[in-house]
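Notes for the one structure printed next.
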Amino acid sequence: SDYSREPPRHPCLQVNSKEPFNAEPPRRALVSSYVTSVDLFYKRNHGPIPIVDDIERYRVSVTGLVANARELSMADIRPKNLTLLFNIRKLRKYNVTATLQCAGNRRTAMSKTKKVRGVGWDVSAIGNAIWGGAKLCDVLELLGIPKLTTSTPLGGKHVEFVSIDKCKEEKGGPYKASIPLIQATNPEADVLLAYEMNGEPLNRDHGYPLRVIVPGVIGARSVKWLDAINIIAEECQGFFMQKDYKMFPPTVDWDNINWSSRRPQMDFPIQVTISGYAASGGGRGIERVDISIDGGKTWIEAQRYQKSGLTYVADGANSDKWAWVFFEAEAEIPGTAEIVAKAVDIAGNVQPQTAEEIWNLRGILNTSWHRVQVRLGH
Ligand code: MTE
Ligand code: MO
């Protein structure tokens, strides 16, 4: 693998692995802004960052169980004013504010119960951005697959995203993942082929020139550096769908693991950190955030807010359904305290008390109460 042409990165990032490059921002920087700056957004890679330098020749092929396979150029996906004249059916650009989170976020804390394998993330493998791009459902409609389709006439039921980058988990092949066709063709699911992040063209780390954004779903399905979209009958058989990102109970260990016994993880569940974010997968809003300063014996409700345009909206209205919610609470802390934050989503999902009860072999989805020990004075 060639790591000689990696892009420049912000010096503040905590680097968890250099090759491939995996890094997260410091906790305080993360909650300083509702929309995470591109520089400080966590970076999760499985190989060297690919180089696409001839954008004119860049194509995404759409193939598989679809009647009219096609190659799409950037101009097809992101029509400039001039090319619009020649595109009879243009693809509208959408901006979707969505929180992306790695399933391995907070893995390090899970290792305290029992060691888990994987990149050792603290609490910042999560970020919120405004993604600009075409809706996947519109792209598929151009190719003859109507909105809200569960199966194509040729039997396609899943949409696979194949990338340009190569990784060792795929034995040198490309990173890939899939989502169900019904989700891909659902306009409400807001699945994007994104070419912008916070109003700027995607940078190399985040998938230039084009990536998938699957809101409300673990980051692993939001494939970067898109090369091909395949309509397939069964779920993608790639490593990251079948041999990773699955929840195994504590009775399963590396010598008795049966990967096919579990489904690939999709939605991410609820979680908060005391430094101030709460997020729930599947587009579910945050109903309440409770804060305790005595380790969970008594609770107070925190204020929640999101940003609408440039102003903060403090009614917890969940105006951006795919985005995290920031919270704030004031409490008087006696000498020492154990601060705990716990969120409830609109479906009534509550965070579990300890990582122990949800410990799993791959160390993913650590949604347990976040506890921070505080000592004042000295
Ligand atoms: N896409 C490709 N092509 N290669 C990758 O290594 N990593 C995935 C996903 N898409 C990955 C990828 C994982 S595990 C996560 S959490 C997100 O991208 C991270 O996206 P980011 O680096 O833009 O934060
Ligand atoms: Mo991830």
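Structure remark: mean-square fluctuation, Gaussian network model of the chain, C-alpha springs under 10 Å; the largest value among LYS243, LYS307, LYS168 belongs to LYS168.
Excluding same-chain residues fewer than 8 positions from LYS147, which lysines have a Cα within less than 20 Å of its Cα? Result set, ordered by chain and number: LYS90, LYS93, LYS135, LYS157. Using just its DSSP H runs of length 4 or more, each adding -39500 (n - 2.57), the chain gives a mean residue ellipticity at 222 nm of -1500 deg cm²/dmol after division by all residues.
Measuring nothing but how far apart in sequence close Cα pairs (under 8 Å, 6+ apart) lie, relative to its length, the chain scores a relative contact order of 16 percent. Its Cα gyration tensor gives the chain an equivalent ellipsoid. The semi-axes, each the square root of 5 times an eigenvalue, are 35, 23, 20 Å from largest down. Pairs of Cα atoms nearer than 8 Å and 6+ residues apart set the relative contact order; for region 207-298 it is 25 percent.
Packing, taken as the mean count of other beta carbons within 10 Å per residue, orders the peptides 224-231, 281-288, 113-120 from highest to lowest as 224-231, 281-288, 113-120. Packing here is the average count of other Cβ atoms within 10 Å per residue, and on that basis the peptides 40-48, 59-67, 22-30, 4-12, highest first, run 40-48, 22-30, 59-67, 4-12.
Given a Förster distance of 22 angstrom, what is the FRET efficiency for ASN95 paired with LEU148, based on the Cβ-Cβ distance and rounded to 0.05?
Details: r = 23 Å, r/R0 = 1.02.
Efficiency for this residue pair is about 0.45.
In nanometres, what is the gap between the two model label sites at ASP2 and ASP267, each 7 Å from Cα along Cα-to-Cβ? About 4.4 nm, to one decimal.
Here GLU234 and GLU330 are evaluated by their C-beta separation; at R0 = 41 Å the FRET efficiency comes out at 0.20. Other residues whose C-beta falls under 14 angstrom from the C-beta of GLY47 contribute a net charge of +2, scoring Lys and Arg +1 and Asp and Glu -1. Scalar couplings 3J(HN,Hα) for region 147-156, obtained by applying the Karplus form with A = 6.51, B = -1.76, C = 1.60 to θ = phi - 60°, are 4, 6, 9, 8, 8, 7, x, 8, x, x Hz; x denotes Gly and Pro. Working from label points 7 Å from Cα in the Cα-to-Cβ sense, the SER33 to LYS243 distance is 3.9 nm.
With R₀ fixed at 35 Å, the C-beta to C-beta distance from TRP254 to VAL15 puts the FRET efficiency at about 0.85. For the residues ILE213, ILE333, ILE293, a GNM of the chain with alpha-carbon springs under 10 Å puts the largest fluctuation on ILE333. The mean sequence separation of alpha-carbon pairs under 8 Å and at least six residues apart, normalised by the residue count of region 179-219, gives a relative contact order of 37 percent.
None of the figures in this text is laboratory data; all of them are computed from the coordinates on show. What you are looking at is a predicted structure, and each value in this text was computed from that prediction instead of being measured. Positions of Cβ are generated from backbone atoms using ideal geometry, with glycine treated the same way; all protein chains shown enter the neighbour counts.
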